[in-house]
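Below is one structure; the comments refer to it alone.
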Amino acid sequence: MSSPSRRREGGFSLVEVMVTMMIMGIITTAVLGVAMRAFKDTTIISNRRDVLGDGQIALQRMTKDLRQGTSIDTATSTASRIDMESYVDGTATSISWRTQGSSAPYTLVRVVEGGTPVPQLKQLASDQLFTYQTYDGLLNRISISMQLDTQTQDVPIQAEVFLRNATT
């Protein structure tokens, strides 16, 4: 004959199993929430880093073209386009930087010698990039202001180029 105390030690009751499963569910939900937030934050940071890197490369290339420029076509240059004569690998070359698209995100393209537009940057929040400044009636400085469109906010980058060789 078995004693009453031996029967109680044989296993877990339904209530004990349910409480354990509920606690494990809460812990699992908390861990998954933290993991998903970390994944989302990493994605946002990676996007911002990539967009900013692409913008800096495009800005460096554009400022190099402008610094080596010999003339700016003020008749066709606007806030969203700049046409110039510059040097590429020691050869005088016609270069145009312009934005394309009817709404954000706009694409910044570079056109060499009237050829095919080559995309340089695809995440512009505004198509207004260039501001032209004159001194004594001559164009001597171009300000470039880009609003880069990331997943969460617009990030501004800017440069000012003093034209060394350019005539208008």
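The values are calculated or read from the model by the stated rules, or taken from the named source; none is laboratory data. Since we're looking at a predicted model, the values are computed, not measured. Note that each Cβ is placed from the backbone with ideal geometry, even for glycine, and that neighbours are counted across all protein chains shown.
Asp54 fulfils the conditions (1) without any contact (Cβ under 8 Å) to a residue 60 or more places away in the chain; (2) in a helix (DSSP H, G or I); (3) among the acidic types (Asp, Glu) except for a single criterion, (1). Does at least one position in the stretch 60-81 carry a residue that is assigned to a helix (DSSP H, G or I) and without any contact (Cβ under 8 Å) to a residue 12 or more places away in the chain? So far as the stretch 60-81 goes, yes, one or more of its residues are assigned to a helix (DSSP H, G or I) and without any contact (Cβ under 8 Å) to a residue 12 or more places away in the chain.
Here Arg164 meets the list (1) surrounded by 13 or more Cβ atoms within 10 Å (Cβ to Cβ); (2) under 15 Å from Met62 (Cα atoms); (3) of a type outside the set (A, V, I, L, M, F, W, C); (4) touching a helix residue (DSSP H, G or I) at 6+ places or on another chain (Cβ under 7 Å) almost entirely, failing just condition (1).
Annotation: Leu124 fulfils all but one of (1) aliphatic (A, V, I, L, M); (2) closer than 30 Å to Thr43 by Cβ; (3) surrounded by 14 or more Cβ atoms within 10 Å (Cβ to Cβ); (4) without any contact (Cβ under 8 Å) to a residue 24 or more places away in the chain; the unmet one is (4).
When the stretch 86-114 is limited to residues that are of a type outside the set (Val, Ile, Thr), more than 30 Å from Asp154 (Cα to Cα) and at pLDDT 90 or above, the one that is surrounded by the fewest Cβ atoms within 10 Å (Cβ to Cβ) turns out to be Gly114.
Would you call Thr29 farther than 28 Å from Val155 by Cα, out of contact with any helix residue (DSSP H, G or I) (no Cβ under 8 Å at 6 or more places or on another chain), polar (S, T, N, Q) and assigned to a loop (DSSP other than H, G, I, E, B)?
It is false that Thr29 is farther than 28 Å from Val155 by Cα, out of contact with any helix residue (DSSP H, G or I) (no Cβ under 8 Å at 6 or more places or on another chain), polar (S, T, N, Q) and assigned to a loop (DSSP other than H, G, I, E, B).
Report, by residue number, each residue of the stretch 138-158 that is touching a strand residue (DSSP E or B) at 6+ places or on another chain (Cβ under 9 Å) and more than 19 Å from Thr70 (Cα to Cα). So that I can check it myself, show each step before the final result.
Initially, the stretch 138-158 is screened for residues touching a strand residue (DSSP E or B) at 6+ places or on another chain (Cβ under 9 Å), giving 138-150, 154-158.
Those that are touching a strand residue (DSSP E or B) at 6+ places or on another chain (Cβ under 9 Å) and more than 19 Å from Thr70 (Cα to Cα): Ser145, Met146, Gln147, Leu148, Asp149, Thr150, Asp154, Val155, Pro156, Ile157, Gln158.
The set of residues in the stretch 127-139 being in contact (Cβ under 8 Å) with a residue 24 or more places away in the chain and either surrounded by 14 or more Cβ atoms within 10 Å (Cβ to Cβ) or aromatic (Phe, Trp, Tyr) (or both) consists of Asp127, Gln128, Leu129, Phe130, Tyr132, Leu139. Residue under question is Ile95, and the condition is that it be in contact (Cβ under 8 Å) with a residue 60 or more places away in the chain and of a type outside the set (Phe, Trp, Tyr); does it hold? No: the conditions fail for Ile95.
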